[in-house]
1. Which is within 22 Å of Ala43 (Cβ to Cβ) and either modelled with pLDDT under 80 or not assigned by the TED database to the domain that holds Thr226 (or both), of Phe113, Phe161, Phe149?
2. Just checking, how many residues over segment 252-271 are assigned to a strand (DSSP E or B) and surrounded by 12 or more Cβ atoms within 10 Å (Cβ to Cβ)?
3. Taking the condition out of contact with any strand residue (DSSP E or B) (no Cβ under 6 Å at 6 or more places or on another chain), under 23 Å from Met46 (Cβ atoms), in contact (Cβ under 8 Å) with a residue 60 or more places away in the chain and outside any helix (DSSP H, G or I), does Arg98 pass?
4. Only helices (runs of 4 or more DSSP H) wholly contained in segment 22-78 count here; list those with 2 or more residues that are at pLDDT below 90 and either among the basic types (Lys, Arg) or buried (at least 18 other Cβ atoms within 10 Å of the Cβ) (or both).
5. Within the group Asn129, Asn84, which residue is at pLDDT 90 or above, closer than 18 Å to Ala34 by Cα and among the polar types (S, T, N, Q)?
6. Which of the numbered conditions does Glu90 fail, given that it passes all the others? Conditions: (1) of a type outside the set (Ser, Thr, Tyr); (2) assigned to a strand (DSSP E or B); (3) modelled with pLDDT under 95; (4) surrounded by 21 or more Cβ atoms within 10 Å (Cβ to Cβ).
7. Please work out which one of (1) farther than 16 Å from Ile67 by Cα; (2) of a type outside the set (Asp, Glu); (3) surrounded by fewer than 19 Cβ atoms within 10 Å (Cβ to Cβ); (4) in contact with a Lys or Arg (Cβ under 9 Å, 6 or more places away or on another chain) is the condition Val219 fails and give its number.
Amino acid sequence: MIDMSGGGDPQKILFIISPIGSEKSTTRGHFDKARRHIIDPVAKDMGYRTIRSDEIPRPGTITNHIIEHLLKDDLVVADMTERNPNVFYELAVRRAVRKPVILMGAIGDRVPFDLAAQRVIFYDLDPDNITKAKEELRRQISEVNSEKFIVDSPIETAISFESTGQVTEESQMQEVLSILRNLSERMSRVENGRTLISGVAIPSSPSIGPAIVLSKTVVSPGEYFTISGIGFTSSTIIRIFLDERKLIGVPSNPDGSIVATVIIPNDTALGTHNISLIDDLANVELVTQLVVK
């Protein structure tokens, strides 16, 4: 995702996922300092603008916007300090679509077993350790920016193992769909009338959806991509449009989820287009964008 909001040269976006906590809390203070002293200076030097979920300015369901950042942003930094469950769900979404992510954690924190083999930048807020963490973060971002960089995704490895070495776009999107279901279940749990995602309080409701995920956000005419989503009316037809042009009607599953493979028509004009999913029974239209080039 490229940021043009400043009116100058476009900047790449680095999305930070971490616990946040309430204002003036110890948690907020720790992660604000880690960001201010480690992440922000390095990101700025390397041409990235940082954003965190509590700073998303756009109206609408915050969950959808977080998912959009996880799927589209150029880089994600995930701080695993405090082992926040929602951080791990968001990390799993990012991993499932094989986009670059850098892991961080406070010195002394335990790394979950399934991430123990991954490279983690351990830090504390001592000046000497801040310098070391910044150097390692700079090195890892340089690797990500390299043309030779290949994303190493443990989720893809698992999918590959189960499918005799063949990782398909649909299998990856099924994995994302499973993660979204788990995220939806977590967010539907009511605690004093509110719930949290990465520490951001939002009003609780019977549903967080619908939410959708595109396997690709840049495609060519005649190219296939996959859409997965949750939160739709169960066992009905969800209509999918490219701008005003109907592409396909997809039956939703009993749990309200969908997975659909869609082709971009050969005569589609180059440029940015809207992809709309319409659930007539719920009177809901969900819109996202992709680029045809």
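1. Phe149
2. 6
3. On the way: out of contact with any strand residue (DSSP E or B) (no Cβ under 6 Å at 6 or more places or on another chain): yes; under 23 Å from Met46 (Cβ atoms): yes; in contact (Cβ under 8 Å) with a residue 60 or more places away in the chain: yes; outside any helix (DSSP H, G or I): yes.
Considered against the rule, which asks whether it is out of contact with any strand residue (DSSP E or B) (no Cβ under 6 Å at 6 or more places or on another chain), under 23 Å from Met46 (Cβ atoms), in contact (Cβ under 8 Å) with a residue 60 or more places away in the chain and outside any helix (DSSP H, G or I), Arg98 comes out as yes.
4. So the answer is 62-72.
5. Answer to the check: Asn129.
6. (2)
7. Every condition holds for Val219 apart from (3).
The values are calculated or read from the model by the stated rules, or taken from the named source; none is laboratory data. Predicted model only: the values in this text are computed from it and were never measured. Don't worry about glycine lacking a Cβ; one is built from the backbone with ideal geometry, like all the others, and counts go over all protein chains shown.
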